Structures are given as C-alpha cells and as structure tokens.
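Worksheet: the structure to be examined is printed underneath.
Read the figures in this text as sums done on the coordinates, not as results from a lab. Note that the structure is predicted; figures quoted are calculated from it, not measured. Every residue, glycine among them, receives a Cβ derived from its backbone with ideal geometry; neighbour counts consider all protein chains shown.
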Amino acid sequence: MITQYTRRTAKLLLVAGAAMALGACSNFPSRQPPIWVWPDMKKQDKYKAQMSAPFFADGRTSRRPVEGTVAQEWYKADEAYSTGVGADGNYVAKNPLPLDKATIEKGQVKFNIYCAPCHDRTGSGRGVVPAKVVWVPGNMHEERIVNLVDGELYHVISMGRRSMPGYRFQISEQDRWAIVAYVRALQRSWRGTMADVPAEMQSKVK
Ligand code: HEC
C-alpha cells in the first residue's frame with residue numbers, strides 16, 4: 001500500500017539521485033583532486049614543461065638544448081645549395097640543378113604561382129598586385145638583373161630584397177633553383193633575336 005510517507009521518501013530519493021548525478025558533472029573549479037575510481041593513464045610519472053623538479057640542480061624540468069644543437073630540419077649539409085652563397089662568401093655562379101626540360105617546367109609552375117602575382121608571367125613587373133597597390137617590382141629583363149649570377153637570383157627569392165619579401169618558407173630549395181632556371185629562360189626569350197630562329201624557319205617569321 002502506498003502511503004503518503006512512502007511517496008515522500010520516493011520524491012526525496014529522486015531529488016537526491018538527481019543532485020548526485022548532476023554533481024558528478026559539476027563545472028565548478030575545485031582545489032580538491034577528483035576521486036579517480038579508474039585512474040587509467042591520467043596520472044603518469046613524467047615532467048611537464050615549466051614544472052619544477054629536484055632532479056636537476058637548477059630545479060627546472062625544461063632544459064636548454066645542448067650547446068651546438070641543430071634542429072634536424074635546419075641542418076643544411078650543403079650551405080651553398082641552400083643559401084646561394086658559397087664558402088668564399090660569393091654568390092654561387094651556376095644553378096646546381098640540371099638545366100633540363102623537367103627543371104624548367106617545374107620552375108614555370110612555381111614562378112606562375114609565387115612570382116607572377118607581382119612580377120607577371122613574363123617577369124616585366126606588371127602583375128595584379130602592383131596594379132592594385134603602389135609597389136613596383138623589378139623588371140627581370142633589365143640589364144642589371146639579367147647580369148646577376150644564379151646564386152644572387154636564388155638569394156633574392158629566398159631572402160627578399162628591399163621591398164620584396166623572401167620566399168624561403170613557402171618554396172623549397174629545389175623549387176627556388178628551378179625558378180632561377182625559369183627566370184633565365186624568360187630573360188633569354190625576351191632577348192631573342194632573329195639569329196636564334198633556326199635558318200629554315202626564318203622565312204616564316206615576320
Ligand atoms: C609580393 C610581391 C612580389 C612577389 C610575390 C615577388 N616579388 Fe620579386 N620583387 C618585388 C618588388 C616590389 C621588387 C622590387 C624591390 C625593390 O627594389 O624595392 C622585387 C624585385 C625582384 C628582383 C630584383 C632584385 C634586385 O636586385 O633589384 C628579382 C630578381 C625578383 N624580384 C624576383 C622574384 C622572383 C623570382 C619571385 C618569385 C619567387 C618574386 N620576385 C616574387 C615584389 C615581389
């Protein structure tokens with residue numbers, strides 16, 4: 001038989017149960033460590049960054065790298081290849097990549113992605129960026145730039161020059177050298193003369 005007394009007890013139990021259930025997902029910060037019924041891997045014997053620990057004399061867990069350490073991705077076995085500057089401090093004279101069709105085509109793709117927005121696809125310096133803002137990219141067909149050695153061009157691409165930003169973080173070393181090869185091809189095409197056209201074709205060129 002359900003009496004008023006049992007109904008009240010049932011209600012009380014329901015409220016207490018709900019409070020306990022909600023209490024378990026409480027969002028209130030507490031200084032008390034939570035009770036871990038199953039600790040799983042929550043607690044591990046390890047040091048976290050910036051913690052203190054008695055193991056080292058200075059009491060820090062964060063250690064400095066051993067002097068002379070070089071991060072793997074920053075280790076450059078061939079300084080001249082990666083910087084465009086040789087051991088003698090001069091720009092590398094010749095592009096180290098094989099100057100074949102694959103290199104030039106790779107250079108063309110990368111040039112059109114990374115350089116053409118400012119320098120336009122011919123390299124004359126009238127890309128879409130300078131059309132919108134006052135920013136004058138160099139004309140790659142100027143005598144002075146045609147006369148730069150390959151390593152200097154590579155260096156300009158990598159480090160930038162005056163108002164041009166460097167692209168060493170966006171473009172891999174190999175692709176930068178490929179761009180140098182393609183810039184040479186552009187410059188060559190710009191300076192072509194009738195003598196460059198094969199004799200049998202000359203009559204067809206107006
Ligand atoms: C965001 C626009 C921009 C992009 C992208 C850009 N350049 Fe430039 N570049 C410039 C500007 C501006 C100058 C002129 C810098 C100056 O003289 O102040 C310049 C100058 C140059 C010069 C002449 C340097 C000299 O000695 O005067 C070369 C060579 C060159 N850029 C090559 C490249 C190549 C190759 C790429 C693609 C990897 C590239 N640039 C991408 C804006 C750009």
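Here are some notes:
- A dipole drawn for the chain from +1 and -1 charges on Cβ atoms has a positive end, and of Met20, Ile145, Ile104 the residue lying farthest that way is Met20.
- Contact order relative to length of the chain, as percent, for alpha carbon pairs under 8 angstrom and 6 or more apart: 17 percent
- Annotation: amide H-H contacts under 5 Å for Val85 (H modelled 1.01 Å from N, sequence separation of 5 or more, or interchain): Val92.
- Cβ-to-Cβ counts within 10 Å put Tyr154, Tyr47 in ascending order as Tyr47, Tyr154, the fewest first.
- Ranking of Met159, Met41 by count of other Cβ atoms within 10 Å, fewest first: Met41, Met159
- Three-way shape call for the stretch 86-139 based on the alpha-carbon gyration tensor, with the a/c threshold at 1.5: oblate
- For the chain, the number of Lys pairs with C-alpha atoms closer than 28 Å, counting only pairs eight or more positions apart or on separate chains, is 10.
- Close amide H partners of Arg60, meaning residues 5 or more places away or on another chain with modelled amide H under 5 Å apart, are Ala53.
- Amide hydrogen proximity for Gly125: with H placed 1.01 Å from N in the peptide plane, the residues at 5 or more positions away or on another chain lying under 5 Å are Asp120, Met140.
- Counting every C-alpha pair in the chain, the share spaced more than 25 angstrom apart comes to 64%.
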